[in-house]
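Working notes, beginning with the structure itself.
The values are calculated or read from the model by the stated rules, or taken from the named source; none is laboratory data. None of these values were measured; they are calculated from a predicted model. Neighbour counts are summed over all protein chains in view; Cβ atoms, including those assigned to glycine, are modelled from backbone coordinates with ideal geometry. Surface areas here come from the heavy atoms of the whole protein model, side chains and all, with no ligands, DNA or RNA. Shrake-Rupley method; radii C 1.70, N 1.55, O 1.52, S 1.80 Å.
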Amino acid sequence: TILVLDFGSQYSHLIVRRLREIHVYAEMLPCTQKISTLKFKPIGIILSGGPYSVYEDDAPHVDPSIFDLNVPILGICYGMQEIAWLNNKSVSRGTKREYGPANINVLDSSCPLFKGTDNSKVWMSHHDKLTKLPDGFKTVANTDNTPFAGISHVSKPIYGIQFHPEVTHTVQGKRLLKNFAVNICKAPQNWTMENFIQTAVKRIRDTVGPTAEAIGAVSGGVDSSVASRLMKEAIGNRFHAIFVDNGLMRKNEAENVKHALDEGLGINLVVVDAGKEFLGNLKGVTDPEKKRKVIGHTFIHVFERVANQIKPKDGSQIKYLLQGTLYPDVIESVSFKGPSQTIKSHHNVGGLIDNMKLSLIEPLRELFKDEVRHLGELLDIPEDLVWRHPFPGPGLGIRVLGEVTPKQVEIAREADDVFITEIKKAGLYRKISQAFACLLPIRSVGVMGDQRMYEQVIALRAIETVDFMTADWFVFPADFLKRVASRIVNEVNGVSRVTYDITSKPPATVEWE
Ligand code: XMP
């Protein structure tokens, strides 16, 4: 394993991504990680960039004993400045910020880090700089503005670069990371999803043992489907997948999920039709956060009730709860800045674990989303499920603005179906990160034939994003929007007007509620 120590750069997780892409296994931990309590022995260490200045009093610093491990070390941006600071304090604020592309000159082509690379564009993002070489180091690359763009120790495998090899704007960045991981650290390139299946299945079997049983919720999304498929592979029918149909799913979705998981993949599936219960509890509720709470609590309640009815064959209690946690959630919660503030109430299964005395199983916690999708393809999960846009836990409950009634849900569901069907027909589904229709709680005048209409408004939303933290609205051809609007007004009873949301995030969020 290559250990990436995170100083809080927005690019840190990309270092892990790039290494995984060349099939090298890497893990990220906070920069404050003590080496003595590390659970594995890294074969190399990368120090990430970060928003701080090494010379400030409250700047984060690495455990100096990383240098006693005698493994190769690569410092990137802040990481390089950290190496210099610990060595001879030769870091200070530059006269100007350097942000954006720069041309690198490789001065020493025999340096193993730069092997096979040549002068090309790199991505810079820094204000501080090295004022002189750290003791025992030499310069191996520079740019017009940065005399120490690349440095290496004269006798030890310790390297520093001022630019960011992990972002795609650094043309030869991946080659550089490969040089470090494969040539310098001698990392095996055996991280593949094919290998991962074997390891994950074995790990689940070792954890659960020969007789214990497990439960997990499936939503129809790719994460819970893939996680359930692994459970099925590992422990067969001792895994019980519970699908709570909350009556707030998209059109035909509940049937499709049942069909795909139960009949298609042979997963032991318990389906609970709880639409009435959810809609009953939502009666009169209009505040978005309150809706989320009601839906979340109802979910836990229903799930627990059903789970308690499942009796393991050996007469004991269910012992394990499956969760489709992914690596970005894990990284976020281990950051040295403390866990992120908002954990969505829907995902909070803490109560379940305590009440039912369950232990968590998280077979996907090392994976990024695209790795999960690849895994899904290898595990024969239908394409529809593997590539499905994310769908929020509260479902149409937060896409019907205002009070959620069966009639309103039906309008939102039908309009959404027209929109998504047309998107798929136009071959745009995979180009868009997320698309949906939501029903606004206002009326608008229209005319159809000779009839005056006074009906509701549908807002369409389609976005492109990498991480859902920021997003841009998707640019559709005008005739596409025309077709969708016309179909919705003509085919969906109760709608007299269609609008397209052209706000980016921020300031708007993806969802309307
Ligand atoms: P926002 O609206 O916060 O959405 O920009 C970002 C992403 O999160 C999804 N989302 C949710 N997912 N429960 C969920 O499981 C929720 O309460 C929830 N709210 C938003 C949203 O669909 C988008 O993908």
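Please give the length that would be gained between Glu255 and Lys482 if that part of the chain were fully extended, namely 0.36 nm times their separation in residues minus their C-alpha to C-alpha distance (nm, one decimal). That pair, Glu255 and Lys482, stretches by 78.7 nm at full extension.
Across the accessible surface of the chain, with the other protein chains kept in place and a 1.4 Å probe, carbon and sulfur atoms take up 51 percent.
Shape descriptor for segment 363-500: Rg over Rh equals 1.03 (Cα atoms; Rh from the Kirkwood inverse mean 1/r). Compactness of the chain is given as radius of gyration and Dmax, 26.5, 87 Å, from Cα positions. Take the Cα pairs of segment 422-513, get the Kirkwood Rh, then feed it into Stokes-Einstein at 25 °C and 0.890 mPa s and tell me D in µm²/s. Rounded, D is 173 µm²/s.
Distances between every pair of Cα atoms in segment 1-123, grouped in 5 Å steps from 0 to the bin holding the largest one, split as 2, 9, 18, 22, 22, 17, 8, 3, 0 percent. Considered as an equivalent ellipsoid built on the Cα gyration tensor, segment 152-195 has semi-axes of 22, 17, 6 Å, the largest given first. Taking each DSSP H run with n ≥ 4 as -39500 (n - 2.57) and averaging over every residue of the chain yields -9000 deg cm²/dmol at 222 nm. Using a 7 Å offset from Cα along Cα-Cβ at Gln10, what residues in segment 58-79 end up with backbone N under 19 Å from the label point? Once the point is set 7 Å along Cα→Cβ of Gln10, 76-79 turn out to lie under 19 Å by backbone N, inside segment 58-79. Here the label points at Thr32 and Asp108, each 7 Å from Cα along the C-beta direction, are separated by 3.5 nm in the simple model. With 0.36 nm allotted per residue and the present C-alpha distance subtracted, the Thr192-Arg205 stretch has 2.7 nm of extension available. Counting only alpha carbon atoms, the long axis of helix 288-309 and the longest principal axis of the chain meet at about 80°. Taken about its Cα centre, the chain carries a charge dipole of roughly 360 debye when the Cβ of each Lys and Arg holds +1 and the Cβ of each Asp and Glu holds -1. Over segment 1-95, accessible surface divided per residue gives 38 Å², non-protein components excluded, 1.4 Å probe. Helix 478-491 axis versus longest C-alpha principal axis of the chain: approximately 30°, rounded to the nearest ten. Set the Förster distance to 35 Å, then compute FRET efficiency between Ser65 and Asn355 from the Cβ-Cβ distance, nearest 0.05. Using R0 = 35 Å, I get an efficiency of 0.25.
Taking only the alpha carbons of segment 233-308, we obtain Rg and Dmax values of 14.2, 45 Å in that order. Could you tell me the relative contact order of the chain? Use alpha-carbon pairs under 8 Å, at least six residues apart, and round to a whole percent. 11 percent.
Summing charges over all other residues whose Cβ lies under 12 Å from the Cβ of Ala102, with Lys and Arg as +1 and Asp and Glu as -1, gives -1.
Using a probe of 1.4 Å on the protein chains alone, the accessible area found for Cys77 is around 10 Å². Were the residues from Gln317 through Asp472 laid out at 0.36 nm apart, the gain over their Cα-Cα distance would be 51.0 nm. With a Förster radius of 22 Å applied to the C-beta separation of Ser444 and Asp287, the computed FRET efficiency comes to 0.40.
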